[in-house]
Amino acid sequence: MKVLESKAVRSFIKVADMGWQMGWHEINGGNMSYRMTSEEVKEIEENFSHDGEWEDIGTSVSVPDFAGYYFIVTGSGKYFQNIKDYPSESFCIIKIDKTGEKYRIVWGLTKGDRPTSELTTHLLTHSVKSRATGGKYRVVYHSHPKYTNILTYILPLKSEVFTRELWEMMTECFIVFPNGVGVLDWMVPCCAEIGIATGKMMECYDAVIWPHHGIVCSGETLDMAFGVMHTIEKAAEMLVNVLQITGGKKNHTITPDNFKKIAQDFNLNFSDEFLYKK
Ligand code: 13P
Ligand code: ZN
């Protein structure tokens, strides 16, 4: 089977293009990765080339759990707007070596580019989430959505504040991200430090906000990671609207008792510390 006929690759292209359509990917902003199943690899591996150089994943970073695994990853400096029309130039498939310290490109990025500069964030997040979910989570998605970014200039940069404010915007938020959202301190992008800090925070959350920059989401499927991103950003837009209209005064909101009732009825595990702190 040709690479571009694979369902996994077609989903990757579809979701990347949805992100572009949402306006979350100005210029080369954002990146996405998907950990392939062995069946998905088998279908298309006849197209892979194993001649490329092994490259370091990042200084003193390794993912031994993923030795021999394959990931679909967007290219550094590549534009999401081009992924649909120029897929083989815009993303690649990489293989992790047997030590988990290096990767090499086996398909794609035909113009000689590299995988995203946020590869450390992606692989460390994959590692944490895969371990935490018994291998179910396969996706890491980073974008630059407008309203979430705006909130990082207004709200205190605390996980409990963002979590409660976003939860209160729509009843579904609590169901979509019952563990809340993490908020990191501002950090320099594209370096190992932000990757390590994000990976650590992903032990508690499926989404981590990078202040004045964007969001990193993880999920079982591409649709789910996109869905979490979309829900957070929609709630953020609603909160920005509330702040604009009333200066932040809410006449009504979802109460701690309401959240407890949802948790009970939907059988949700959630961190109830967020019900008492804001
Ligand atoms: P890349 O083009 O290297 O993926 O970087 C984009 C980005 O959003 C950095 O945070
Ligand atoms: Zn970014």
**Prompt:** Among the residues of the stretch 121-147, which ones are within 13 Å of ligand 2 (Cβ to nearest atom) and over 17 Å from Trp20 (Cβ atoms)?
**Reply:** Thr121, His122, Val140
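Please specify each residue of the stretch 62-89 satisfying the condition of being in contact (Cβ under 8 Å) with a residue 40 or more places away in the chain and of a type in the set (Ser, Thr, Tyr).
Filtering the stretch 62-89 for residues in contact (Cβ under 8 Å) with a residue 40 or more places away in the chain gives 63, 65-66, 71-81, 83-84, 87-88.
Selection gives Thr74, Ser76, Tyr79, Ser88.
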**Asked** Among the numbered criteria (1) surrounded by 17 or more Cβ atoms within 10 Å (Cβ to Cβ); (2) farther than 18 Å from Thr120 by Cα; (3) of a type outside the set (D, E, K, R), which single criterion is violated by Met1?
**Response** (1)
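Residues are listed down the side, and each one gets a yes or a no for (1) modelled with pLDDT under 95; (2) charged (D, E, K, R); (3) touching a Ser or Thr at 6+ places or on another chain (Cβ under 7 Å):
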| site | (1), (2), (3) |
| --- | --- |
| His230 | no, no, no |
| Glu233 | no, yes, yes |
| Ser271 | yes, no, no |
| Tyr276 | yes, no, no |
**Message:** Kindly evaluate Gly214 against the criterion of being modelled with pLDDT of 95 or more and under 30 Å from Ile13 (Cβ atoms).
**Reply:** yes
**Request:** Looking at (1) among the β-branched types (Val, Ile, Thr); (2) buried (at least 19 other Cβ atoms within 10 Å of the Cβ); (3) modelled with pLDDT of 95 or more; (4) within 16 Å of ligand 1 (Cβ to nearest atom), find the lone condition where Ile57 falls short.
**Result:** (3)
**Prompt:** Of everything in the stretch 155-192 that's hydroxyl-bearing (Ser, Thr, Tyr) and surrounded by 16 or more Cβ atoms within 10 Å (Cβ to Cβ), which residue is nearest to ligand 1 (Cβ to nearest atom)?
**Reply:** Ser159
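When you scan the stretch 68-79, how many residues do you find that are over 25 Å from Met1 (Cβ atoms) and surrounded by 14 or more Cβ atoms within 10 Å (Cβ to Cβ)?
Restricting attention to the stretch 68-79, the residues satisfying the condition of being over 25 Å from Met1 (Cβ atoms) are 76-77, 79.
Still in the running and surrounded by 14 or more Cβ atoms within 10 Å (Cβ to Cβ): 76, 79.
So the count comes out to 2.
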**Residue list for the stretch 83-116, filter: crowded, with 17+ Cβ neighbours inside 10 Å and among the polar types (S, T, N, Q)** = Ser90, Thr116
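Scan Glu203, Glu237 and give me the residue that is out of contact with any strand residue (DSSP E or B) (no Cβ under 6 Å at 6 or more places or on another chain), assigned to a loop (DSSP other than H, G, I, E, B) and farther than 16 Å from Lys158 by Cα.
Values: Glu237 fails: assigned to a loop (DSSP other than H, G, I, E, B).
Step by step, each of Glu203, Glu237 is checked, and only Glu203 is out of contact with any strand residue (DSSP E or B) (no Cβ under 6 Å at 6 or more places or on another chain), assigned to a loop (DSSP other than H, G, I, E, B) and farther than 16 Å from Lys158 by Cα.
The values are calculated or read from the model by the stated rules, or taken from the named source; none is laboratory data. Since the structure is predicted, the reported quantities are computational estimates derived from the model, not experimental observations. Positions of Cβ are backbone-derived with ideal geometry, glycine not excepted, and every protein chain shown enters the neighbour counts.
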